[in-house]
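Trainee: My questions all concern the structure below.
The values are calculated or read from the model by the stated rules, or taken from the named source; none is laboratory data. Predicted model, so just to flag it, every value in this text is computed and none were measured. Cβ: placed from backbone, ideal geometry, glycine included. Neighbour counts: every protein chain shown.
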């Protein structure tokens, strides 16, 4: 399975916690210049790929829905000219509630996009303001209704916990109101305080206080239980879905499958001539555009992954999945059973109550999921 990621690095305003490569306040000229470079990258890389079929596509950012009407359909047409997508391909786009309209959503659906991912984060307007979001809870509920009206029957909603000013009750209210909408997929991520962001500085200088670790753990436990009560199944550490609505694009990442990233600072990992190669595009917009204007791919870094590192990465991402790692699939890929190869680490994890091993799989227990980083240290 192979996935395709397209990065749209524009947003109306950067959130206080965001450390992604994106630019706020850009206008139509910047969008068009970026599309010109992105389309040139597609033209350059397409002939080089031994396999041009992608089962999943994710258009992320930034805020792809910020782009004016007509631009996303142009991108979709360009992708179809250069790559192959099966009839059941999962094609997702990331949207912010304040930047969608019925016109845009109808266009997305008409050009083949079949999954929307909304960034809600919280249904508490005070919390949204504290983290620099420019939409309200009402904006989200309006956008969700419009997406249904446009024909989308596969919608993800991103939620966060551990946010400034977020109470236990506020977080559960966000979970409850989102689940009551019937969203097919809900992700709930703990806040990661990234150095260099405005929120990091505010927490460091004491002007903003975050919930303590115990409070965050209580939020997570109760919120995840509530999602289960609504019929959602946890299939990854932070991701829940109604039966059969798991995100196939992310499952490919967590299975260490091949993926191609296009656009500014996009990352890729592909099997080339029997070797696993990772490469990343330039993170500076001027450098990205300049390379493509010269007819060159905008690659900043290329790295050949050793067999040992590839095996460890399969363990690292595979154990994020609730079902864990399929032993037969691992053995088919590497010629060795993971339980045998990592016998000492597996034994320690099982004895500590962090892992369960069956004839078919190795997976983390609930306790192991809570202490995943510590478990993985023994596999290094």
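Trainee: For residue 168, state whether it is within 23 Å of the chain's Cα centre (by Cα), surrounded by fewer than 20 Cβ atoms within 10 Å (Cβ to Cβ) and either farther than 17 Å from residue 93 by Cα or without any contact (Cβ under 8 Å) to a residue 12 or more places away in the chain (or both).
Mentor: No; evaluated as a whole, the condition is false for this residue.
Trainee: Answer yes or no as to whether residue 226 is within 30 Å of residue 177 (Cα to Cα), in contact with a helix residue (DSSP H, G or I) (Cβ under 7 Å, 6 or more places away or on another chain), at pLDDT 95 or above and not in a strand (DSSP E or B).
Mentor: yes
Trainee: Continuing with the same structure: Taking the condition surrounded by 15 or more Cβ atoms within 10 Å (Cβ to Cβ) and under 17 Å from residue 9 (Cβ atoms), does residue 49 pass?
Mentor: no
Trainee: Among the numbered conditions (1) under 20 Å from the mean Cα position of the chain (by Cα); (2) under 19 Å from residue 125 (Cα atoms), tell me where residue 154 comes up short.
Mentor: Among (1) under 20 Å from the mean Cα position of the chain (by Cα); (2) under 19 Å from residue 125 (Cα atoms), residue 154 violates only (2).
Trainee: What is the residue count in the range 95-123 for residues that are under 29 Å from residue 172 (Cα atoms) and buried (at least 20 other Cβ atoms within 10 Å of the Cβ)?
Mentor: 14
Trainee: Taking the range 337-359 as the region of interest, how many residues are part of a loop (DSSP other than H, G, I, E, B) and either within 18 Å of residue 236 (Cα to Cα) or without any contact (Cβ under 8 Å) to a residue 24 or more places away in the chain (or both)?
Mentor: Residues that pass the stated criteria total 5.
Trainee: Now for a separate question. Going by the structure shown, is residue 187 assigned to a strand (DSSP E or B) and either out of contact with any helix residue (DSSP H, G or I) (no Cβ under 8 Å at 6 or more places or on another chain) or buried (at least 16 other Cβ atoms within 10 Å of the Cβ) (or both)?
Mentor: So residue 187 fits the description; yes.
Trainee: Another one. Only residues that are assigned to a loop (DSSP other than H, G, I, E, B) and within 21 Å of residue 254 (Cα to Cα): list them for the range 53-79, please.
Mentor: Within the range 53-79, 54, 55 qualify.
Trainee: Let me ask something else. Look at residue 167 and say whether it is at pLDDT 95 or above, farther than 27 Å from residue 321 by Cβ and touching a helix residue (DSSP H, G or I) at 6+ places or on another chain (Cβ under 9 Å).
Mentor: yes
Trainee: Residue 264 is checked against (1) in contact with a strand residue (DSSP E or B) (Cβ under 6 Å, 6 or more places away or on another chain); (2) surrounded by 17 or more Cβ atoms within 10 Å (Cβ to Cβ); (3) outside the structural domain of residue 33 (by TED's automatic domain parsing); (4) under 30 Å from residue 334 (Cβ atoms) and fails just one. What number does that condition carry?
Mentor: So residue 264 meets the others, but not (4).
Trainee: Considering every residue within the range 81-94, establish whether at least one is in a helix (DSSP H, G or I) and either more than 20 Å from the chain's Cα centre (by Cα) or surrounded by 14 or more Cβ atoms within 10 Å (Cβ to Cβ) (or both).
Mentor: There is at least one residue in the range 81-94 that is in a helix (DSSP H, G or I) and either more than 20 Å from the chain's Cα centre (by Cα) or surrounded by 14 or more Cβ atoms within 10 Å (Cβ to Cβ) (or both).
Trainee: Give me the residue from the range 144-164 that is in a helix (DSSP H, G or I) and in contact with a helix residue (DSSP H, G or I) (Cβ under 8 Å, 6 or more places away or on another chain) and, out of that set, surrounded by the fewest Cβ atoms within 10 Å (Cβ to Cβ).
Mentor: Looking at the filtered set, the residue picked out is 149.
Trainee: Out of the residues in the range 239-254 that are part of a loop (DSSP other than H, G, I, E, B) and crowded, with 18+ Cβ neighbours inside 10 Å, which is farthest from the chain's Cα centre (by Cα)?
Mentor: So, considering only residues that are part of a loop (DSSP other than H, G, I, E, B) and crowded, with 18+ Cβ neighbours inside 10 Å, the one farthest from the chain's Cα centre (by Cα) is 245.
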